[in-house]
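What follows is calculated from the coordinates using simple rules that are stated; it is not laboratory data. Nothing here was measured: the structure is a model prediction, and the numbers come from that model. Cβ placement follows ideal geometry from the backbone for every residue including glycine, while neighbour counts extend to all protein chains displayed.
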Amino acid sequence: MMNTIVFDPVYIPHILTGKITATVRLWPLERVTPNDTVMFVDAYQRKPFAIAKISLIETKEFSEFTDDDKNATQIFDNFENFSKVMESFYGEAIAPETKFRIVHFVLIDDGQQQIIDMQKEAEQEKPSQENNPEPQKKKKQA
């Protein structure tokens with residue numbers, strides 16, 4: 001199964017237009033690695049919206065973020081606003097020395113064809129009711 005990365009819907013148009021090319025996460029590095037192909041999922045609708053290839057993962061404190069990091073991720077310029085957003089996502093306090101993962105990605109496509117193919121595969125793996133019909137009960141006549 002393909003790994004997924006979940007995004008707040010507010011970021012989806014910016015990802016699809018290429019304005020956002022990286023995401024900042026607190027999760028462990030093992031979750032995804034460079035060259036992995038991942039599915040991007042809308043956090044609220046739980047629907048895939050794109051497929052991407054991970055190009056680079058960096059670990060940095062907020063103070064180490066470059067202007068390029070900030071532009072690629074569309075994060076806030078000051079730690080106070082950034083930490084509030086991250087705390088709302090992760091439910092834990094964020095300190096200036098907290099290590100973040102900057103996950104850089106390249107969209108492969110908008111993901112729709114691959115999503116359709118994956119859904120078809122999943123349907124084919126399920127036992128079909130047509131192949132395993134349940135016996136129907138006869139109705140009693142009154």
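How many nm separate the modelled label positions at Val85 and Gln124, each set 7 Å beyond the Cα in the direction of the Cβ?
4.1 nm
Per residue and in Å³, how big is the convex hull formed by the alpha-carbon atoms of the range 3-113?
It is 98 Å³ per residue.
What is the magnitude of the charge dipole of the range 1-113 about its Cα centre, with +1 placed on the Cβ of each Lys and Arg, -1 on the Cβ of each Asp and Glu, and no other charges, expressed in debye to the nearest 20?
Computed about the Cα centre, the dipole is about 360 debye.
For Asp8 and Trp27, calculate 0.36 nm times their separation in residues minus their Cα-Cα distance, and state this gained length in nm to one decimal.
Additional length available on full extension: 5.2 nm.
For Leu16 and Ala95, calculate 0.36 nm times their separation in residues minus their Cα-Cα distance, and state this gained length in nm to one decimal.
Going from the current span to full extension adds 25.4 nm.
Could you go through the range 87-101 in sequence order and give the Karplus-derived ³J(HN,Hα) for each residue, using 6.51 cos²θ - 1.76 cosθ + 1.60 with θ = phi - 60°, rounded to whole Hz, and x for Gly and Pro?
Here the 3J(HN,Hα) series is 5, 5, 6, 9, x, 9, 5, 10, 9, x, 8, 4, 8, 10, 9 Hz.
Nearest 0.05, what FRET efficiency do Tyr44 and Asn71 give at R0 = 30 Å with Cβ-Cβ as r?
0.70
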